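A short reminder: the numbers here are calculations on the coordinates, not readings from a lab. Since this is a predicted model, take the numbers as computed values, not measurements. Note that we place each Cβ from the backbone using ideal geometry, even for glycine, and neighbour counts take in every protein chain shown.
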Amino acid sequence: MDKRTFLRGTAAAALGLVGAREAWALGDAPRGAGASPAAGTDTWARIRADFRLDPAYLNLENGYYCFQPQPVLAAFESNVRRVNFEASRYMRTHRDDDRVLARGRLAKLADCTAEEIIVTRNTTESLDTVINGFDWRPGDEAVMANQDYGAMLDMFRLQSRRHGMVNRLVDIPQDPASDQAVIEVYAAAISPRTRLLMVPHMVNITGHVLPVRAICEMAHARGVQVMVDGAHTFAQMDFRVPELGCDYYGASLHKWLSCPLGAGILYVRRDRVPDLWPIFGDDTYPREDIRRLNHVATHPAHTDLTIGAAIDYHEGIGAAAKEARLRALQRHWTGQVRDLPRVRVQTPRDPARSCAIANVGIEGIAPTELARRLFEEFRIYTVAIDAAGVRGVRVTPQVYTSFDDLDRLVAAVQALAAA
């Protein structure tokens with residue numbers, strides 16, 4: 001792929017409106033990024049150039065929110081102007097049709113039907129819609145992990161106070177010897193009263209990728225539904241949602257798909273849709289229609305309009321190449337520090353059990369202090385994690401991150417551990 005082809009594709013993305021997808025012939029998108037994750041340096045450099053990076057520090061906290069590459073940002077800005085220009089007329093005449101188009105693009109990316117997916121604001125809204133939507137009875141049980149995201153744990157606690165249901169919490173092993181070791185942790189917590197199991201596709205604080213399909217099969221054999229937190233795997237890893245075998249799946253699009261803030265998805269297996277109570281009352285759609293779970297009122301429509309451009313950029317790189325690159329980046333730095341004295345990498349050693357995210361701690365340095373020193377002494381931005389048996393900083397590179405960037409991190413960890 002030559003430079004002209006690459007730029008022609010990214011320029012097309014900058015058109016930004018939902019109808020602009022036709023301008024992206026697949027061959028015009030920024031393809032060829034990862035024939036090999038370490039090769040194709042020029043292509044990865046071009047991708048890096050699409051992200052406006054702050055030279056004052058190295059950002060290794062993309063897991064919370066990854067800003068948009070310039071073609072997607074240009075699309076977003078164009079959509080903001082469009083909505084602002086057309087105002088009420090757009091919201092009353094075009095918004096709903098454009099949301100249908102965005103929903104269709106996401107369904108294709110997830111490899112599910114459009115009748116099984118809705119566009120939300122983030123993972124929390126997606127999964128809380130399910131947790132709140134269950135018709136809980138006193139004594140019903142749900143199983144989840146201490147390592148799950150706090151917002152969903154809070155919602156389960158709220159249902160316990162409100163309805164008298166019971167929450168059973170487990171601890172996910174940090175470096176399991178086998179898939180079975182993880183499965184058995186969840187299986188041991190299930191009882192005849194268990195109705196719902198929440199499981200992270202990737203543990204957000206360590207990057208541990210769980211054997212979700214096998215967990216779903218185990219739970220379903222016991223009559224238990226499964227809800228998957230996919231905040232960090234959708235568009236980070238190359239998979240299809242139905243392959244997991246889960247009943248519900250929620251993810252954020254502002255992380256690994258680099259959508260504007262305020263976009264997420266909720267997948268609900270079609271036969272589960274009628275049984276969920278919506279958060280907001282809406283009699284527009286029948287019980288069998290997933291859109292009744294998706295009352296959005298007046299919201300920033302320009303975010304939804306930009307989903308197509310973000311998908312185009314993601315597909316231009318290629319999902320498999322992107323995953324391979326992210327895995328290679330993580331292994332590049334963790335492999336150099338994992339066995340150093342005082343250093344504790346709290347991400348599984350088995351490369352199949354992780355992708356981009358990893359967590360590192362240093363004995364004798366509190367997580368908040370480690371994050372502070374990395375930033376103040378080495379100008380490297382991470383986030384401190386001190387919860388659920390994990391003490392360190394989460395390191396989250398992205399497709400624009402270089403191996404040289406991560407060598408800076410390795411040097412900083414070596415220096416701090418040796419001090």
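Net charge dipole, the stretch 243-305: roughly 140 debye, given to the nearest 20, about the Cα centre with Cβ charges of +1 for Lys and Arg and -1 for Asp and Glu.
So for THR233, THR284, THR194, THR120, fewest C-beta neighbours within 10 Å to most, what's the order?
Taking fewest neighbouring Cβ atoms as first place, the list is THR284, THR194, THR120, THR233.
In the stretch 81-127, taking the dipole from charged Cβ atoms about the Cα centre, the farthest positive-side position among ALA110, ALA87, THR124 is held by ALA87. Each peptide in 57-64, 312-319, 404-411 was scored by the mean count of other Cβ atoms within 10 Å over its residues; highest first, the order is 312-319, 57-64, 404-411. Residues of the stretch 381-419 with backbone nitrogen within less than 18 Å of a virtual label 7 Å along the Cα-to-Cβ line of LEU53, please, listed as ranges. Residues 381-383, 395-413 qualify, since their backbone N sits under 18 Å from the label point. Which percent, nearest 5, of DSSP beta bridges in the chain are antiparallel? Counting DSSP beta bridges with both partners in the chain, the antiparallel share is about 50 percent.
Kirkwood-type hydrodynamic radius, the stretch 85-188: 17.0 Å, calculated from all non-identical alpha-carbon pairs.
Packing, taken as the mean count of other beta carbons within 10 Å per residue, orders the peptides 270-283, 342-355 from highest to lowest as 342-355, 270-283. Taken over the stretch 95-309, the percentage of Cα pairs per 5 Å bin, counting from 0 up to the bin with the maximum distance, is 1, 7, 16, 20, 21, 16, 10, 6, 2, 0, 0.
Sites listed here are trypsin sites (Lys or Arg not before Pro) in the stretch 158-248 whose DSSP assignment is loop and whose Cβ has at most 16 other Cβ atoms within 10 Å: ARG193, ARG222, ARG240. Exposure proxy shown here: for TYR267, TYR285, TYR381, the number of other Cβ atoms within 10 Å sets the order, fewest to most, as TYR285, TYR381, TYR267. The modelled label-to-label distance for the pair GLN70/HIS94, using points 7 Å beyond Cα in the direction of Cβ, is 2.6 nm. 3J(HN,Hα) along the stretch 399-408, derived from phi through the Karplus expression 6.51 cos²θ - 1.76 cosθ + 1.60 where θ = phi - 60°, amounts to 4, 7, 5, 9, 5, 4, 4, 6, 5, 4 Hz, with x in place of Gly and Pro.
In the chain, helices alone account for a calculated mean residue ellipticity at 222 nm of -13000 deg cm²/dmol, with every DSSP H run of four or more residues adding -39,500 (n - 2.57). Among LEU340, LEU261, LEU253, the largest mean-square fluctuation in a Gaussian network model of the chain (Cα springs under 10 Å) belongs to LEU340.
Once both labels are positioned 7 Å from their Cα atoms along Cα-to-Cβ, the gap between ASP179 and ASP339 label points is 2.8 nm. For the stretch 320-418, the alpha carbon positions stretch 38, 27, 22 Å along the principal axes, listed from largest to smallest. Amide H contacts of GLY264 (H built 1.01 Å from N, in plane; Pro and chain starts excluded): THR120, ARG121, ASN122, LEU253 sit under 5 Å, all sequence-distant by 5 or more or on other chains.
Ordering ILE265, ALA151, MET227 by Cα displacement along the dipole of the stretch 95-309 toward the positive end leaves ALA151 in first place; charges were set at the Cβ atoms of Lys, Arg (+1) and Asp, Glu (-1). Net charge dipole, the chain: roughly 360 debye, given to the nearest 20, about the Cα centre with Cβ charges of +1 for Lys and Arg and -1 for Asp and Glu. Think of each Lys and Arg Cβ as +1 and each Asp and Glu Cβ as -1; about the Cα centre, that makes the dipole of the stretch 95-309 roughly 260 debye.
Just how far, in whole angstrom, is the stretch 218-240 from the stretch 61-123 if you go by their alpha carbon centroids? Using only Cα atoms to place each centre, the spacing works out to 23 Å. Amide H contacts under 5 Å for GLU61: THR396, restricted to partners 5 or more places along the chain or on a different chain, H placed in the peptide plane at 1.01 Å from N.
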